[in-house]
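The values are calculated or read from the model by the stated rules, or taken from the named source; none is laboratory data. The model shown is predicted, which means the values in this text are computed figures rather than measured ones. A quick note on method: Cβ atoms are made from the backbone with ideal geometry, for glycine too, and the neighbour counts reach across all protein chains shown.
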Amino acid sequence: MEKDRTATTAPPPARARNRRGEGARLRDDIVAAAVELLEETGDESAVTLRSVARRVGIAAPSIYRHFPDQPTIMLAVAQQAFAELEAQLRAALDAADNDPRKRLFAVCTAYLKFAEDHPGRYRTMFGGLWMPDLSKSTLTDTDISSLGDANMTLLSGTLSDCVTAGCATSTDLVADSVALWLGLHGLAHQRSVTVAYPWPPDIAERMITTLAHLKDE
């Protein structure tokens, strides 16, 4: 007998209506559903208003109370991911000892680990297909340019501590912090797209040492 093909495609049960004051919970559910779809598919184009609504168990128009379009959902996903990255970097910093050099390496290593563990979200954090033409979007320049500010401040702070302690020779902290982030970002990206490349085992250490202008130990 042929299997019932509708059994695997039936929509999820309808979500219970929020009580008054629970709109924030629905917003969180929408973002969580978008993250799930992104993690499962690795494809941000899979995150649509319709697919998110189906995952949450609501009608698509209900999303418009919280998000006017798909890019605003993706922005919320990116903002949440940056917050999670910041928490991971701070946890690594707190777990490291007081040596500034080791603290810088702890932060950089945690950054690379986050990118490795969450490739779909990591790509979304830095633009990708979801990034709209701002002249035709509800998003603003500030929405985009402020992404990752806290993480850059944290990275710059750890590099500054190295300079103060005399174990780094940077004379332009802002430029060198950006260069260090670009190095980390580039390595994280290349590791995700060229998985068969024979990376030198100490490539991260070499890169961080050079870009942070660390002195030889």
- Item | Among the candidates 179, 165, residue that is within 23 Å of residue 126 (Cα to Cα), at pLDDT 95 or above and either surrounded by 11 or more Cβ atoms within 10 Å (Cβ to Cβ) or more than 20 Å from the chain's Cα centre (by Cα) (or both) | 179
- Message: Exactly one of these conditions fails for residue 52: (1) touching a Leu at 6+ places or on another chain (Cβ under 9 Å); (2) touching a residue at least 24 places away in the same chain (Cβ under 8 Å); (3) assigned to a helix (DSSP H, G or I). Give me its number.
- Response: (2)
- Please go through region 207-217 and pick out each residue that is under 25 Å from residue 153 (Cβ atoms) and exposed (fewer than 15 other Cβ atoms within 10 Å of the Cβ). 210, 215
- Task: Give region 186-195 a look and list any residue that's surrounded by fewer than 17 Cβ atoms within 10 Å (Cβ to Cβ) and either assigned to a helix (DSSP H, G or I) or of a type in the set (S, T, N, Q) (or both), or say none.
- Result: 186, 189, 190, 192, 193, 194
- With respect to residue 192, determine if the residue is of a type outside the set (Phe, Trp, Tyr) and farther than 20 Å from residue 127 by Cβ. no
- Under the condition of being exposed (fewer than 12 other Cβ atoms within 10 Å of the Cβ) and outside any loop (DSSP other than H, G, I, E, B), which residue from region 113-135 is modelled with the lowest pLDDT? 135
- Query: Of the residues 138, 153, which single one is among the hydroxyl-bearing types (Ser, Thr, Tyr) and assigned to a loop (DSSP other than H, G, I, E, B)?
  - Reply: 138
- Query: Given 50, 103, 54, 27, which one is basic (Lys, Arg), on the phi < 0 side of the Ramachandran plot and surrounded by 20 or more Cβ atoms within 10 Å (Cβ to Cβ)?
  - Reply: 103
- Please work out if residue 110 is farther than 23 Å from residue 37 by Cα, surrounded by fewer than 13 Cβ atoms within 10 Å (Cβ to Cβ) and assigned by TED's automatic domain parsing to the domain that holds residue 210. no
- For region 39-61, enumerate the residues that are touching a helix residue (DSSP H, G or I) at 6+ places or on another chain (Cβ under 7 Å), small (Gly, Ala, Ser) and modelled with pLDDT under 90. 42, 46, 60
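Residue by residue, here is whether (1) crowded, with 18+ Cβ neighbours inside 10 Å; (2) of a type in the set (S, T, N, Q); (3) closer than 27 Å to residue 43 by Cβ holds:
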residue	(1), (2), (3)
63	yes, no, yes
67	yes, no, yes
73	yes, no, yes
77	yes, no, yes
92	yes, no, no
95	no, no, no
